[in-house]
Amino acid sequence: MNRPYNYFLINDHNLPYRTFCFQKGKTPRVVKTWRDIPAVPINAFKEVTLSSIDPSETEAVFMTSGTTKGIKGKHYHPTLEVFDKSMILNFRKRFMKETEKIRMGILFPTEIELPNSSLARYLGLGMREFGTKDSHYLLNESGIDMDRLLEYLAHAEKTGEPYALLGASFSFVHMIEELERMGKTFSLPKGSKILDTGGYKNQSKELGLDEFYHMLSTHLGVDRSECINMYGMTELSTQFYDDGNETVPPVKSGPHWIRTRVINPLSGEEVQKGERGVLVHCDLANFNSVTTILTEDLGVEVDGGFLLLGRVQGTEAKGCSIAVDEFLKAAKGVSK
């Protein structure tokens, strides 16, 4: 991170970001550290094209869910080599740890079914690189294939072979509901792991974090220290992890090529360590779009990383909206 201007994308194609940076007086000459790189509000990915090459030449385009007004944010990847290497190195260290391979069940659609989903890519890559040959997907057209899931959970319990379940958080909520309805619990063998990612609002049931991980541990017999949450987003190329959820919220952190600061969205200034603010991530794996993203997530800087506190509301939300308006006015050449 010593020479951020190598990743400071000012070129002929990424015109919205170049214009925004120039209007802020930020050029490669004055940007000295990663903290100086202007942050792009996450919703800008829905409004403008942020790519350093012609979008038609990209290998992949990952899209957001488009829950706001049906508009999807787009993140263009000229090659998936960087995304894949970032994921593999980080996943090996933070989720696999001392385990080389493990039998995996995936509670999410395949890359073929969701070709524009960064999470589908992430989970598929995880299974190919770290799953045993008998790893499998557990969704069908009706949702979770509970018959197969019960079969695999019983197999792991009987044989003592560690088993890993990975998927979206809301899929685990549905799984827990079905296990409760059936009156089923399991005691998966030592070495078994859980990875959930994303939230589960507006699904069939919303649980508090503590209740969610308590129920996961109770129904599957996996220690909460092995229930890992991955925090990522379509607009980034690197993911954050915690070291289990024995206590919540846990500390999240990432590898050395991604850094986080916490800001007051109204002033844009960093808050003191331990104070609440909005998370800004600088991800060097985002070599084609923009390295630095202003999220809509609340957090607090702590020793070893940050605590993720939820989505912005109130004053923080107003500040994020102002930041979006400022970026779009600059990027689209509209005077303030």
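Assorted remarks:
- Above-threshold pairs, the threshold being 21 Å between Cα atoms, out of 93/158; 93/190; 74/318; 101/193; 101/252; 32/332: 93/158; 74/318; 101/252; 32/332
- Separation of region 20-77 and region 263-280, taken as the distance between their Cα centroids, equals 21 angstrom.
- Figure note: 289, 52 ranked by solvent-accessible area, largest first, 1.4 Å probe, ligands and nucleic acids not counted: 52, 289.
- Mean silhouette area of region 120-223, derived from the convex hull of its C-alpha atoms and averaged over all directions, reads 6.7 nm².
- Accessible surface of residue 170 - all protein chains present, 1.4 Å probe, nearest 10 Å²: 70
- Using distinct alpha-carbon pairs, which all enter the 1/r mean, Kirkwood radius of region 204-277 in Å: 14.5
- Between 0 and 90 degrees, the angle of helix 209-220 with respect to the longest Cα principal axis of the chain falls at about 30 degrees.
- Cut-off under 5 Å, modelled amide H: who pairs with residue 277 long-range: 299
- The chain, Rg to Rh (Cα coordinates; Rh as Kirkwood inverse mean 1/r): 0.98
- Heavy-atom accessible area, probed at 1.4 angstrom with all protein chains present, ranks 122, 152 as 152, 122, highest first.
- Compared with the direct C-alpha span, the chain from residue 57 to residue 36 gains 4.6 nm at full extension, assuming 0.36 nm per residue.
- Using only alpha carbons, region 130-286 has a radius of gyration to Kirkwood radius ratio (Rg to Rh) of 1.02.
- Counting heavy atoms of the protein chains alone, residue 49 has an accessible area of about 60 Å² for a 1.4 Å probe.
- Among 285, 317, 44: highest mean-square fluctuation, GNM of the chain, C-alpha pairs under 10 Å: 317
- The 3J(HN,Hα) values that the Karplus relation (6.51, -1.76, 1.60; θ = phi - 60°) gives for region 110-122 are, in residue order, 6, 5, 5, 6, 10, x, 9, 9, 5, 5, 4, 4, 4 Hz. Gly and Pro appear as x.
- Debye log10 I(q)/I(0) at q = 0.15, 0.26, 0.28 Å⁻¹ for region 153-198, Cα point scatterers: -0.42, -1.01, -1.05
- Spacing of the two label points (7 Å from each Cα toward its C-beta) at residue 322 and residue 98, in nm: 5.1
- Segment residue 116-residue 332, length gained on full extension (0.36 nm per residue, minus Cα span): 75.1 nm
- Couplings 3J(HN,Hα) for region 20-30, derived from phi with the Karplus relation 6.51 cos²θ - 1.76 cosθ + 1.60 (θ = phi - 60°), are 4, 5, 4, 5, 8, x, 9, 10, x, 5, 9 Hz, where x marks Gly and Pro.
- Modelled this way, with points 7 Å down the Cα-to-C-beta line, the labels at residue 218 and residue 26 are 4.6 nm from one another.
- Area of residue 65 that stays accessible when all protein chains are in place (1.4 Å probe, Å², to 10): 90
- Alpha-carbon Rg with Dmax, taken over region 70-171, Å: 14.8, 47
- Distance cut-off 13 Å, percentage of C-alpha pairs in region 53-110 lying past it: 74
The values are calculated or read from the model by the stated rules, or taken from the named source; none is laboratory data. Keep in mind that what you see is a predicted model, and the values were worked out from it rather than measured. So basically every Cβ, Gly included, is an ideal-geometry build from the backbone, and we count neighbours across all protein chains shown. Heads up: the accessible areas ignore ligands, DNA and RNA and are worked out on the full protein's heavy atoms, side chains in. Shrake-Rupley method; radii C 1.70, N 1.55, O 1.52, S 1.80 Å.
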